[in-house]
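Undergrad: One structure follows; several queries about it will come next.
The values are calculated or read from the model by the stated rules, or taken from the named source; none is laboratory data. Since we're looking at a predicted model, the values are computed, not measured. For neighbour counting, all protein chains shown are included, and Cβ atoms are generated from backbone atoms with ideal geometry for every residue, glycine included.
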Amino acid sequence: MDDRAHAFLKQVLETPSPSGYEQPVQAVVRGWAREFADEVKTDSHGNVFAARFPEGRPADAPRVMLAGHCDQIGLMVQYVDGEGFLYVQPIGGWDMQILLGQYLTVWTKTGPVTGVVARRAIHLMSSDERNRVPQFTDVWVDIGCKNKEEAEQLVRHGDPVTFALGYRELRNGLAASPAMDDKVGLWVVMEALRLLRERPLRAAVYSVSTVAEEIGLRGATTATYAVDPHVGIAVDVCHATDTPGNDKKQVGETKCGAGPVLFRGPNINPRVLDKLEEIAAAHGIPVQVRGAPKATGTDANAMQITRRGVAVALVGIPNRYMHSPVEVVHRDDLTNAARLLAEFCAAVGPENDWTP
């Protein structure tokens, strides 16, 4: 992985972006993309579009849209009690058992505030309480305040909250961080565009950092309508099954470090998939192929059914421990996904027919 691109990955992972609060990370994306894009725009929804165009921008040039969502699961301050403890509600899908006992950051107007999320110690619980998964109303965030007045001088209702952010490298090319879902997808689509900066194109390529995926694919819906692409490829994480306890008979066998995943199924245009497999084989890029028997819960779903319909593919980055503070990916899968998308975009021209 290129050193500067690696630094960009770390920066986006360490910048907060709960759904609806993506502005800080989108500022980072704009600053990075301006170095190699012909055009960088942001819409009123918050999606960031970085584009490269063929010379002369011919009218018959097809439009390719690459989408990776920048938003992460988060929490929102909902209530402050008399003792200054914060009560929160989820933004996106949470496993409460993962949340308990974590360091959190409240992202306030005046800066980050550190807190911890907790409940009563296990020694003080009844047997029923110990065996029951708590609800959000049963836990609180402690930011160390003496009372409600002190807390409300720091925190406003509606402030977003995340896990304590931080990128850590593991052995054998693996790395761990909150929000790998889906800042690795954001990284891949921007890296693919960077790899194309010195290459001639016959298609207009739009790499889009989409917003609000975790609350219903909202950014991809509006972004796809705006670009009106002929071809769309979403990049998102998918479940790696190379850890204990996974039922491969249900979700297939997917390994970190074995290459990005190409999905097959009703959410995928077969001609786009064929072209991606052809490109991968021609350039020696390892890929894994998996089935997705229904509409996927990714930006690919929204892209496929926008306007008159879009020829769509989904590229997955194998991810261990999704929606946790320790999501793990392999860096080679990111670089290989970016190479694959760059070569695909370089090969697309007006002659391509994506009709199944």
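Undergrad: Looking at (1) surrounded by fewer than 13 Cβ atoms within 10 Å (Cβ to Cβ); (2) at pLDDT 95 or above, can you tell me which one Ile122 breaks?
TA: It is condition (2) that Ile122 fails.
Undergrad: Do you know which residues across the range 326-347 are buried (at least 23 other Cβ atoms within 10 Å of the Cβ) and of a type in the set (A, V, I, L, M, F, W, C)?
TA: Val329, Leu334, Ala337, Ala338, Leu340, Leu341, Ala342, Phe344, Cys345
Undergrad: Name the helices (runs of 4 or more DSSP H) wholly inside the range 97-215 in which the number of residues that are of a type in the set (A, V, I, L, M) is 3 or more.
TA: Values: elements: 127-130, 148-154, 180-195.
Hits in the range 97-215: 180-195.
Undergrad: Got a sec? Which of Asp236, Asp242 is crowded, with 24+ Cβ neighbours inside 10 Å and among the charged types (D, E, K, R)? Break it down into steps so the answer makes sense when it comes.
TA: On the way: Asp242 fails: crowded, with 24+ Cβ neighbours inside 10 Å.
Going through Asp236, Asp242 in turn, the sole match is Asp236.
Undergrad: In contact with a Ser or Thr (Cβ under 8 Å, 6 or more places away or on another chain) and farther than 26 Å from Ile98 by Cβ, is that true of Arg339? Show your work before the answer.
TA: Working: in contact with a Ser or Thr (Cβ under 8 Å, 6 or more places away or on another chain): no; farther than 26 Å from Ile98 by Cβ: yes.
Spelling it out, it is not the case that Arg339 is in contact with a Ser or Thr (Cβ under 8 Å, 6 or more places away or on another chain) and farther than 26 Å from Ile98 by Cβ.
Undergrad: Inside the range 253-272, can you point out the residues that are farther than 15 Å from Thr296 by Cα and out of contact with any helix residue (DSSP H, G or I) (no Cβ under 9 Å at 6 or more places or on another chain)?
TA: Quick first cut of the range 253-272, residues farther than 15 Å from Thr296 by Cα only: 253-260, 270-272.
Within the range 253-272, Glu253, Lys255, Pro270, Arg271 qualify.
Undergrad: Condition check: within 23 Å of Leu13 (Cβ to Cβ), surrounded by 18 or more Cβ atoms within 10 Å (Cβ to Cβ) and among the β-branched types (Val, Ile, Thr). Does Val106 satisfy that?
TA: It is true that Val106 is within 23 Å of Leu13 (Cβ to Cβ), surrounded by 18 or more Cβ atoms within 10 Å (Cβ to Cβ) and among the β-branched types (Val, Ile, Thr).
Undergrad: Go through (1) more than 22 Å from the chain's Cα centre (by Cα); (2) outside the structural domain of Glu213 (by TED's automatic domain parsing); (3) surrounded by fewer than 18 Cβ atoms within 10 Å (Cβ to Cβ); (4) touching a residue at least 40 places away in the same chain (Cβ under 8 Å) one by one and return the number of the condition Val88 breaks.
TA: Of (1) more than 22 Å from the chain's Cα centre (by Cα); (2) outside the structural domain of Glu213 (by TED's automatic domain parsing); (3) surrounded by fewer than 18 Cβ atoms within 10 Å (Cβ to Cβ); (4) touching a residue at least 40 places away in the same chain (Cβ under 8 Å), only one is false for Val88: (3).
Undergrad: Here are Arg264, Arg271: which of them is surrounded by fewer than 21 Cβ atoms within 10 Å (Cβ to Cβ), in contact with an Asp or Glu (Cβ under 8 Å, 6 or more places away or on another chain) and of a type outside the set (A, V, I, L, M)?
TA: Selected residue: Arg271, the only one of Arg264, Arg271 that is surrounded by fewer than 21 Cβ atoms within 10 Å (Cβ to Cβ), in contact with an Asp or Glu (Cβ under 8 Å, 6 or more places away or on another chain) and of a type outside the set (A, V, I, L, M).
Undergrad: Just one of the numbered conditions (1) within 30 Å of Leu9 (Cα to Cα); (2) without any contact (Cβ under 8 Å) to a residue 60 or more places away in the chain; (3) crowded, with 18+ Cβ neighbours inside 10 Å is not true of Trp140; which one?
TA: (1)
Undergrad: Considering only the range 34-72, state which residues are among the hydrophobic types (A, V, I, L, M, F, W, C), outside any strand (DSSP E or B) and crowded, with 23+ Cβ neighbours inside 10 Å. Give the steps one after another, and end with the answer.
TA: First pass over the range 34-72, keeping only residues among the hydrophobic types (A, V, I, L, M, F, W, C): 36-37, 40, 48-51, 53, 59, 61, 64-67, 70.
Filter once more, keeping what is outside any strand (DSSP E or B): 36-37, 53, 59, 61, 70.
Within the range 34-72, Ala37, Cys70 qualify.
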